[in-house]
1. Is there a residue being in a helix (DSSP H, G or I) and over 25 Å from residue 242 (Cα atoms) anywhere in segment 63-83?
2. Would you be able to tell me the number of residues in segment 446-461 that are over 23 Å from residue 403 (Cβ atoms) and either surrounded by 24 or more Cβ atoms within 10 Å (Cβ to Cβ) or out of contact with any helix residue (DSSP H, G or I) (no Cβ under 9 Å at 6 or more places or on another chain) (or both)?
3. Pick out the one residue from 122, 118, 92 that is surrounded by fewer than 17 Cβ atoms within 10 Å (Cβ to Cβ), within 26 Å of residue 81 (Cβ to Cβ) and without any contact (Cβ under 8 Å) to a residue 40 or more places away in the chain.
4. Taking segment 100-109, which residues are under 21 Å from the mean Cα position of the chain (by Cα) and outside any loop (DSSP other than H, G, I, E, B)?
5. Filter segment 19-44 down to residues that are assigned to a loop (DSSP other than H, G, I, E, B), away from the ligand (no atom under 16 Å from the Cβ) and in contact with a strand residue (DSSP E or B) (Cβ under 8 Å, 6 or more places away or on another chain), then give me how many there are.
6. What about residue 366, is it in contact with a helix residue (DSSP H, G or I) (Cβ under 6 Å, 6 or more places away or on another chain) and surrounded by fewer than 24 Cβ atoms within 10 Å (Cβ to Cβ)?
7. Sort through 480, 425, 415, 456 and tell me the only one that's within 16 Å of the ligand (Cβ to nearest atom), in contact with a strand residue (DSSP E or B) (Cβ under 6 Å, 6 or more places away or on another chain) and under 21 Å from residue 369 (Cα atoms).
8. What number of residues in segment 286-322 are surrounded by fewer than 14 Cβ atoms within 10 Å (Cβ to Cβ) and part of a strand (DSSP E or B)?
Ligand code: SF4
């Protein structure tokens, strides 16, 4: 009979969370490398190059792949023959592991969890609690899978109750375009079919814990109806042309995973959950012999892709930027930003717009006239860093504030990730503003462009405070021009249908 020590669980969970914050899994690296080789859309290829370069930098520097270090999800299979040497219950052990991982001073991770979600939304400061699923199984060991799921991709999860005669693939093809690019493709789709409503969601999430292997499946051919379904969805979704970061391209998904479960004769519950460019999960087993031993991956696994700024990119000086400069930017054009920009995301926008709409002044020193805002919530710096990983957050959450920010606050342009909604695009065109995107999932790379940082307003909001960053050659792409042309509309249209027949990664 195995004796599992409390400290082994805590230490292993903490080590696993640190590990996945900076190491992509080998299957993911291989699949992304293959997507890079095959990609023909210059914008999508540039985005994938940034993701791969960022991934390698994070593996070498032991810093997070993305500024959103995720909500922790744990799947545990506890053998019924196990004995415990523990004073805490299992959930408390896991949460202690989460706490230690996220507060580790050598690689502090961003605490993103808020309690009282419908009202106060107060940050718990240590990223606890995790979402924990425990199964009791036969045997004498404890199998644990730890994942850190980004909010941008989790927010795009979908669920439906189909009629039993409906096509699962058709529904998935209907909802994927609605997800936009806020889930930071290329990534994976996890699909759960059957059971009850909550079981289908759980299956979808669990399926994402499996390695990317659609290349093998493609070579040997599907043997079951579920494998046929995986292949069909994989090919049809990629044929949509959404591409990396929604810019239009050949690879939107690196794999499609499906798990199913018996269901009621009247029902066909289906869930789809996307996993993003920061796909992070790790499996380990405890058998009483001590904490999990996690081997670092071989750095030779990473393809020899080194992103460098496009020499034809336009250099933009942010200090002294004028409306005429902004109006001259072309949709899809690559820019390198130098100078000072302000930051802000959900909580800061809410406060700023409430003050402006009430005719009250902004906090002293906070002035958006003639400035550019970057939607970001950075990781705290460690050592000599100026700022931790600082990639963009999903911009359309700020859509409802855009009129006030452009009209009353005097903002000139915005930087975020993924598409804007039609109303925000119309507001941008009306104010002759522009919306720029940085690559989601390349946060460490982006932070290398930040040369100075100071808090300007709302320090009590932590990572959601307004900072002023001084940047040098920060790479962005014009996603919505002053004319209101959106590359998230035009890009996928141009690449729709070009995927057919292109081989994918073989493990
Ligand atoms: S890659 Fe995108 S969706 Fe994933 S955690 Fe980072 S910002 Fe969020």
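Computed from the coordinates by the stated procedures, all read-outs in this text should not be read as laboratory data. All figures in this text were calculated on a predicted structure; none of them were measured in a lab. Here the Cβ is made from the backbone with ideal geometry for all residues, glycine too, and neighbour counts use every protein chain on show.
1. no
2. Step one: of segment 446-461, the residues over 23 Å from residue 403 (Cβ atoms) are 446-455, 459-460.
This time we only want the ones that are either surrounded by 24 or more Cβ atoms within 10 Å (Cβ to Cβ) or out of contact with any helix residue (DSSP H, G or I) (no Cβ under 9 Å at 6 or more places or on another chain) (or both), so: 446-447, 449-455, 459-460.
Number satisfying all stated conditions: 11.
3. Numbers: 122 fails: within 26 Å of residue 81 (Cβ to Cβ); 118 fails: within 26 Å of residue 81 (Cβ to Cβ).
When all the criteria are applied, what remains is 92.
4. Result: 101, 102.
5. At the first step, the residues of segment 19-44 found to be assigned to a loop (DSSP other than H, G, I, E, B) are 23-25, 39-41.
Cutting the leftovers down to away from the ligand (no atom under 16 Å from the Cβ) gives us 39-41.
Right, trim to in contact with a strand residue (DSSP E or B) (Cβ under 8 Å, 6 or more places away or on another chain) and you get none.
Total satisfying the criteria: 0.
6. Working: in contact with a helix residue (DSSP H, G or I) (Cβ under 6 Å, 6 or more places away or on another chain): no; surrounded by fewer than 24 Cβ atoms within 10 Å (Cβ to Cβ): yes.
No.
7. That would be 415, the only listed residue that is within 16 Å of the ligand (Cβ to nearest atom), in contact with a strand residue (DSSP E or B) (Cβ under 6 Å, 6 or more places away or on another chain) and under 21 Å from residue 369 (Cα atoms).
8. Result for segment 286-322: 2.
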